[in-house]
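Report on the following structure.
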Amino acid sequence: MDSRELLTEAPVPPLEVNVAWLRAMVARFSSGEDHARRRKLVIDELARAEPEALRKAAAEKPRQGPVATLAEVLGFEVDPADVDKVAKAYQPHFPQSAEADEACKRLVTALGQPDERTAANVALLVQAAATEGLIANRTPPVPSTRRWVDGAEVTVDLKDFPFGTGPHACPGEAHAKALAEGALSSTRR
């Protein structure tokens, strides 16, 4: 049998893009080299959105919300409702739904192709959705996180480090604060 025949007999199945795929592709839920590479993608994308530009955009359109503001500054055309659906299923312990999976597919299609850069951009928008809590409550949007230690899941209280610390610290802290400050400054006027 010719080796070319072997390559054509077993086609690669299409990649299933859904919330589980997203979690498998982002820095937040990875470690080691995968985490470092994926985190760099997030940092590179965030570099395109200066905090001051986000602050100004959020102040100009505070009702737009942080997801739409970040998407606009980054030049993305997405439906914030899709981001909200994915955000509600993003954490593995959150309820999962076919609706969130379909929203994830639409976001990936809108932002590019199913690769790590697109996953990083979807994750940025999902994290921007958490910024709503910072705006509404004036408190950090993520009070705790979960980690695996020796095969067991543990909850880590983030009260003293609201944006995390160490290699998994939030790379968008300045961006989230700028979005919140911009939105809040317009409500004070």
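So here's what we get for this one:
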{"item": "Candidates A49, A120, A129, ranked by Gaussian network fluctuation over the chain, Cα under 10 Å, top entry", "result": "A49"}
{"item": "Ranking by accessible area, most exposed first, for D44, D82 with a 1.4 Å probe", "result": "D44, D82"}
{"item": "For the chain: lysine pairs under 29 Å (alpha-carbon distance), excluding those fewer than 8 apart on one chain", "result": "22"}
{"item": "Qualifying trypsin sites (Lys or Arg not before Pro) for the stretch 60-147 [loop in DSSP, other Cβ within 10 Å: at most 14]", "result": "R138"}
{"item": "Crossing angle, helix 32-46 versus the chain [Cα axis fit, 0-90 degrees, rounded to tens]", "result": "50 degrees"}
{"item": "For the stretch 107-154: rounded, prolate or oblate by the Cα gyration tensor [a/c cutoff 1.5]", "result": "oblate"}
{"item": "Debye, to nearest 20: dipole size of the chain, +1 on Lys, Arg Cβ, -1 on Asp, Glu Cβ", "result": "880 debye"}
{"item": "Net length gained if the chain between S185 and E16 were fully extended (0.36 nm per residue, minus Cα distance)", "result": "56.6 nm"}
{"item": "Cα shape, the stretch 14-126, gyration tensor, a/c 1.5 rule", "result": "oblate"}
{"item": "Sites excluded, GluC sites (Glu not before Pro) in DSSP loops with at most 14 other C-beta within 10 Å, longest stretch of the chain", "result": "78-189"}
{"item": "Shape call, the stretch 77-189: gyration tensor on alpha carbons, a/c limit 1.5", "result": "oblate"}
{"item": "With Cα atoms, 0 to 90° folded angle of helix 98-111 axis to the chain main axis", "result": "90 degrees"}
{"item": "Rg ratio (alpha-carbon, reference 2.2 N^0.38 Å) - the stretch 44-100", "result": "1.30"}
{"item": "Volume per residue of the C-alpha convex hull in the chain, rounded to whole Å³", "result": "149 Å³"}
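The values are calculated or read from the model by the stated rules, or taken from the named source; none is laboratory data. Since the model is a prediction, treat every value here as computed from it, not as a measurement. All Cβ positions, even for glycine, are placed from backbone atoms using ideal geometry, and neighbour counts span all protein chains on display. Ligands, DNA and RNA are stripped out before the accessible areas are found, and what is left, the full protein with its side chains, is counted by its heavy atoms. Shrake-Rupley method; radii C 1.70, N 1.55, O 1.52, S 1.80 Å.
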